[in-house]
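Reading through the structure tokens given below for one structure.
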Protein chains: 2
Amino acid sequence: MADAAGTFPEAVQDWLARFESALAAPAATDWSTLFTADGCWRDLLAFTWNIITLEGPAAVGAMAARQVALVAPHELTADSPALPMTDANQGWFRFRTQHARCRGQVQLRDGRAHILLTAAIELVGHEECGGPRRPDGIEHRAARGRRTWLEERQHAARTLGHTEQPYCLIVGGGQNGLMLAARLKRLNVPTLVIDAMEKPGDGWRARYRSLYLHDPIFLDHFPYLPFPDHWPLYSSRDKIADWLEIYAKAMEIDFWGGTRCTAARYDEQAGRWEVTVERGGSTLVLQPRQLVLATGLSGARYIPELPGAARFRGRQYHSADHDSAADLAGRQCVVIGSNNSAHDICVDLWEHDAKVTMVQRSPTIVVRADTMREISKDIYYAQPGADVDLADLMFAANPFRPRTAFERGFTDYLRTVDADFYRRLENSGFQLWHGEDETGFFMAYYRRAAGYYIDVGGSELICSGEISLRHGEIVEITEDGLGMADGSFLPAEVIIYATGYRPMSEWVGQLISPEVERRVGRCWGLGSGIEGDPGPWEGELRNMWKPTAQQGLWFQGGNLMQARFHSLHLALQLKARMEGLSTPVYPC
Amino acid sequence: MADAAGTFPEAVQDWLARFESALAAPAATDWSTLFTADGCWRDLLAFTWNIITLEGPAAVGAMAARQVALVAPHELTADSPALPMTDANQGWFRFRTQHARCRGQVQLRDGRAHILLTAAIELVGHEECGGPRRPDGIEHRAARGRRTWLEERQHAARTLGHTEQPYCLIVGGGQNGLMLAARLKRLNVPTLVIDAMEKPGDGWRARYRSLYLHDPIFLDHFPYLPFPDHWPLYSSRDKIADWLEIYAKAMEIDFWGGTRCTAARYDEQAGRWEVTVERGGSTLVLQPRQLVLATGLSGARYIPELPGAARFRGRQYHSADHDSAADLAGRQCVVIGSNNSAHDICVDLWEHDAKVTMVQRSPTIVVRADTMREISKDIYYAQPGADVDLADLMFAANPFRPRTAFERGFTDYLRTVDADFYRRLENSGFQLWHGEDETGFFMAYYRRAAGYYIDVGGSELICSGEISLRHGEIVEITEDGLGMADGSFLPAEVIIYATGYRPMSEWVGQLISPEVERRVGRCWGLGSGIEGDPGPWEGELRNMWKPTAQQGLWFQGGNLMQARFHSLHLALQLKARMEGLSTPVYPC
């Protein structure tokens, strides 16, 4: 190991020296001297060209025995001791592999790693064109036939997808598609983003009017173009929508709006996709080498089949089709569901003087937004001048296995600080839940991306009875209401189904084939073995941002924070493949 | 003075202590013990609520004797010794006045100030709504009748300029109008920007296609939303135009495109303007308290009256109307003028295979863009992670009087490093110049905003004869060419008048009245006593970003760097007046 600054923690320096020695002879190493029995090594591309957490010394040793020779880690150097998460038992380091510059973070217990994070951050020789590598823009010399910047952009618009095929096609132009496209642009990977809607941001604009981000703005930055620091802590649907439009323009993303992908077939021989798209009334076939589905965590709207629904005389629609309750004053409205959308729509209905009943069919996790806000004030992301890339690594240095235990404690904490709130909510009849294993809201997000409400005012309306509550299953819909399993009747003029979505993996079946859908399997979820997230345990989000069982098929999804962080990893994988770099994936 | 960090330069600490004592008794102070005989104190609002440079101890003493009691400077503290421009003889400090937080920088010679900069950066109690003061965006509580962010914006669009009058009206929505509006937005000053063109950026789009910024991108950042770091070093017309559009949207600037200001009258009694504007076919009267002209440094196009011009059979137009030479291949084109636009249009013509002659009527300053680029590489602005606000202060800590001497040396330097280039250019017959007093390009910009060419390839075409040169005055235009003063004839199918613009102050005469135009006087220029910039010496740019002789009338203009920096000063002055703070202007 290279000499570290004098104040770098000694125990960490010692561990790094032993780690470096182990990397020189991985098969001969007793990895239990380096990792605790429950030690986790989370690797983001650096060693495995995959996103994977190895749990325990045996798993670590097996990986190292195969991968170290293939990726050739070297130049291990302690990073600045001034970084956060540096103390007597933890610290940051940097290293290189054959093709990447990487960062690492280690957390020790009694001289052994409890957690190790390794992450590729840049490809050597294929760096992004920013900072010292920014282009000149113009040559200070007269030259006949040259194009201006605008003429270049117009030329690209005429040729890309027609005479020139994109290396990468991204289906879906929400935050995930755009952030990935921005990164690929800076890596000079020819990319086209298509979206069924006309403009970037239209996906947000199509949500209900009262939607605001639940995450504070400092978690939500897009790469390369941070939000100005006067942006509100919580942004509305429309403000984020505008930002997507701004971002696509500022980043010069090649975006086809009003374009629907109808089929995709991978041509093994040619090593490329044949993707059929409908655009402006005509059908085109695109031939990208790589196909990224960035269509969101949700698949198609899900509405349960309820007997009699067809004869209901009022309005009934899925929550995804709710914009505003402005025209529902005085109307008897029933919202089926008790997660985020259900609550938010109930509040919107109440704010517009509708009569509101929520049908809660199963217990729901609730956390108070204001409590989360108090907690988030102190995190590194929230500090003025925080380095967002570093913050993302800090957040990542927390694999899902230890995180599960942590979240149990966090749920306990919330139940203590908000004890009065939870008691009042339960007294109102609301069926409160904290997850199968009491791991609460965060794990529900990773496991099922559903099952919770971040309270921004709805719970108070439930406590005060302004929103009526009903429980149990619905057995039928009549002309003018809902028949409940307990035999009661719930009159309704409007029914809103906040009943969720089909799994995102179904897109694969629809666009490509049921065979590929089966082979690729589920997306999202950790394999935690609970309802909605069957085992086996994976330890990372399934199929997200990493190689899938279908060559050339990738998934990019998640919230703004995940979209930002993991778009880097997907972009690096795509660039490495375009350049023909060796990318030995583990496990193969 | 408060205790400074141990390593702060002793001489500077000593001077600051003496300065603080002097401020306690300004009339009793011998200011020649604090300032050298040629010492300059440049103040940006902090002491004078003006932009002014006081030259010599007597001028300093006169100002201090009047202003110190009025603005009450206090809490003088040495700033971080880690800042650039800190060494044994210079350093930064901070202080407060009655209403402002301020920064200062002093440069000593033998214990006395050769240069002192003092600058207000923030109003106490009226800070911008950024960072820790960012708004929440949403209250986490159900509430009937509340508006979403979009609904608020729509409401503002319906009312501002109609039922609600803006406090400030900005005429001109280029970079100057937009940056000022962005700052006022963060200061919660109701502001409306109007522009004759439809969209922000259209002013740039209306320039010639081959226009690129001459300043490298790190000088060009807009406040609050820095360019992504992959933006090219030199940006094209259209890319900057798009950025203006992006910026107006991201900053939520209230912008009326397609709106022409036709008249303005100040109502002394009411203390507000009556501004007549034409918008969408109808006439409105706006009643702002403050009126900012941000219409650019140039007034109307200027075309000299040449006998016979009416009978010319070819095309003739002002350089401002040149877009592209794409349809001029093979045509005999004459460009009258030898400054930036003239050269750039000549290059565009040559690139499109036109036959090009430049008529040089007077000697021209030329600097090589590539030389400027080499030099600019090392400046603080160009360093990764540079603090642009600090960089702007560093640049400002250089009043125009000492700068004039510096620029003479800089011109010498350019003539040495580019000696071969200048020799070749002169040998080609080009009449080269370095300014009346050899102060070159920069001073020409401050004095007349004209008279120079930043060479981006045109000079080489002149040296090689690809662009023909003619000299002297034009005595007449015929059906098919130009009659020159030396009796020669210059055939032409196309004549392009790169002959500049009327002074910006003429807008005042046109919009308000000739009487107010006279009273306000010239805009821009330092009063250096050369042609185009008559004395007396002012030491700062006349009327720019500071109080004028007409109450409620302000000028905001300049390049991107000036627009960014000085929009802060104008915004602070406007906000202070809106809040009714005491703003004693010196001299009164």
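Numerical summary
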{"read-out": "Residue in region B:425-434 that is within 30 Å of B:Gly535 (Cβ to Cβ), of a type outside the set (A, V, I, L, M) and surrounded by fewer than 21 Cβ atoms within 10 Å (Cβ to Cβ) present", "value": "yes"}
{"read-out": "Candidate set from region B:539-588 (those that are part of a loop (DSSP other than H, G, I, E, B) and under 22 Å from B:Gly201 (Cβ atoms)); member that is most open to solvent (accessible area, probe 1.4 Å)", "value": "B:Asn559"}
{"read-out": "Residue that is farthest from A:Asp418 (Cα to Cα) [pool: residues in region A:446-480 that are of a type outside the set (D, E, K, R) and in a helix (DSSP H, G or I)]", "value": "A:Tyr446"}
{"read-out": "Elements of type strands (runs of 3 or more DSSP E) in region A:257-337, at least 3 residues being of a type in the set (A, V, I, L, M)", "value": "A:282-286, A:290-293, A:332-336"}
{"read-out": "Top-ranked residue of region A:73-107 - restricted to ones that are open to solvent by 40 Å² or more (accessible area, probe 1.4 Å) and over 18 Å from A:Pro9 (Cβ atoms), ranked as nearest to the chain's Cα centre (by Cα)", "value": "A:Arg101"}
{"read-out": "Residue tally, condition out of contact with any Leu (no Cβ under 6 Å at 6 or more places or on another chain), surrounded by 15 or more Cβ atoms within 10 Å (Cβ to Cβ) and of a type in the set (Val, Ile, Thr), over region A:5-51", "value": "4"}
{"read-out": "Test result for A:Thr191, out of contact with any Leu (no Cβ under 6 Å at 6 or more places or on another chain) and at pLDDT 95 or above", "value": "no"}
{"read-out": "Output for region A:453-466, where each listed residue is more than 27 Å from the chain's Cα centre (by Cα) and open to solvent by less than 40 Å² (accessible area, probe 1.4 Å)", "value": "A:Leu461, A:Ile462, A:Cys463"}
{"read-out": "Residues that are of a type in the set (D, E, K, R) and open to solvent by less than 10 Å² (accessible area, probe 1.4 Å), drawn from region A:188-230", "value": "A:Asp220"}
{"read-out": "Top-ranked residue of region B:348-393 - restricted to ones that are within 26 Å of B:Gly435 (Cβ to Cβ) and of a type in the set (Asp, Glu), ranked as surrounded by the most Cβ atoms within 10 Å (Cβ to Cβ)", "value": "B:Asp392"}
{"read-out": "Among residues of region B:439-449, those that are open to solvent by less than 30 Å² (accessible area, probe 1.4 Å) and farther than 16 Å from B:Thr411 by Cβ, counted", "value": "0"}
{"read-out": "Sole residue being modelled with pLDDT of 95 or more, closer than 30 Å to B:Trp273 by Cα and not charged (D, E, K, R), chosen from B:Leu349, B:Leu286, B:Leu328", "value": "B:Leu286"}
{"read-out": "Boolean, B:Arg134 is at the interface with chain A (Cβ under 8 Å from one of its Cβ atoms), farther than 30 Å from B:Arg101 by Cβ and surrounded by fewer than 22 Cβ atoms within 10 Å (Cβ to Cβ)", "value": "no"}
{"read-out": "Residue tally, condition more than 30 Å from B:Thr259 (Cα to Cα) and either of a type in the set (D, E, K, R) or touching a helix residue (DSSP H, G or I) at 6+ places or on another chain (Cβ under 6 Å) (or both), over region B:285-312", "value": "2"}
{"read-out": "Among residues of region B:385-417, those that are closer than 22 Å to B:Asp79 by Cα and free of Cβ contacts under 8 Å to residues at least 24 places away in the same chain, counted", "value": "3"}
{"read-out": "Selection from region B:266-275 of residues that are touching a strand residue (DSSP E or B) at 6+ places or on another chain (Cβ under 7 Å) and buried (at least 16 other Cβ atoms within 10 Å of the Cβ)", "value": "B:Tyr266, B:Trp273, B:Val275"}
{"read-out": "Qualifying residue in region B:245-262 (condition: more than 30 Å from A:Cys129 (Cβ to Cβ) and out of contact with any strand residue (DSSP E or B) (no Cβ under 7 Å at 6 or more places or on another chain))", "value": "yes"}
{"read-out": "Total residues in region A:490-509, condition farther than 30 Å from A:Gln332 by Cβ and under 21 Å from the mean Cα position of the chain (by Cα)", "value": "6"}
{"read-out": "Scan of region A:436-454 for residues that are within 12 Å of A:Thr404 (Cβ to Cβ) and either in contact with a Phe, Trp or Tyr (Cβ under 9 Å, 6 or more places away or on another chain) or among the hydroxyl-bearing types (Ser, Thr, Tyr) (or both), ordered by number", "value": "A:Thr439, A:Gly440, A:Phe442, A:Met443, A:Ala444, A:Tyr446, A:Arg447"}
{"read-out": "Residue match in region B:392-402 (condition: within 13 Å of chain A (Cβ to nearest Cβ) and part of a helix (DSSP H, G or I))", "value": "no"}
{"read-out": "Filter result for B:Gln67 (buried (at least 22 other Cβ atoms within 10 Å of the Cβ), outside any strand (DSSP E or B) and among the polar types (S, T, N, Q))", "value": "yes"}
{"read-out": "Qualifying residue in region A:233-252 (condition: crowded, with 19+ Cβ neighbours inside 10 Å, more than 12 Å from chain B (Cβ to nearest Cβ) and assigned to a loop (DSSP other than H, G, I, E, B))", "value": "no"}
{"read-out": "Residues of region B:209-230 classified as at the interface with another protein chain (Cβ under 7 Å from one of its Cβ atoms) and out of contact with any Gly (no Cβ under 8 Å at 6 or more places or on another chain), total", "value": "3"}
{"read-out": "Set B:Glu531, B:Glu438, B:Glu493: member being charged (D, E, K, R) and within 30 Å of B:Glu374 (Cα to Cα)", "value": "B:Glu438"}
{"read-out": "Residue among A:Ala113, A:Ala181, A:Ala142 that is within 8 Å of chain B (Cβ to nearest Cβ) and open to solvent by less than 30 Å² (accessible area, probe 1.4 Å)", "value": "A:Ala142"}
{"read-out": "Looking only at region A:361-391, and only at residues there that are closer than 28 Å to A:Ala419 by Cβ and among the hydroxyl-bearing types (Ser, Thr, Tyr), the one that is nearest to the other protein chains (Cβ to nearest Cβ)", "value": "A:Thr371"}
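Yes/no matrix, rows are residues, columns are (1) loosely packed, with under 14 Cβ neighbours inside 10 Å; (2) within 30 Å of A:Ala310 (Cα to Cα); (3) more than 14 Å from chain B (Cβ to nearest Cβ); (4) without any contact (Cβ under 8 Å) to a residue 24 or more places away in the chain:
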{"position": "A:Ala419", "(1), (2), (3), (4)": "yes, no, yes, yes"}
{"position": "A:Asp437", "(1), (2), (3), (4)": "no, no, yes, no"}
{"position": "A:Gly451", "(1), (2), (3), (4)": "no, yes, yes, no"}
{"position": "A:Ser468", "(1), (2), (3), (4)": "no, yes, yes, no"}
{"position": "A:Ile474", "(1), (2), (3), (4)": "no, yes, yes, no"}
{"position": "A:Tyr497", "(1), (2), (3), (4)": "no, yes, yes, no"}
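The values are calculated or read from the model by the stated rules, or taken from the named source; none is laboratory data. Every value quoted in this text rests on a predicted model; they were computed, and no experiment measured them. Virtual Cβ from ideal backbone geometry, glycine too; neighbours counted across all protein chains shown. Just the protein is used for accessible areas: all its heavy atoms, side chains included, with ligands, DNA and RNA removed. Shrake-Rupley method; radii C 1.70, N 1.55, O 1.52, S 1.80 Å.
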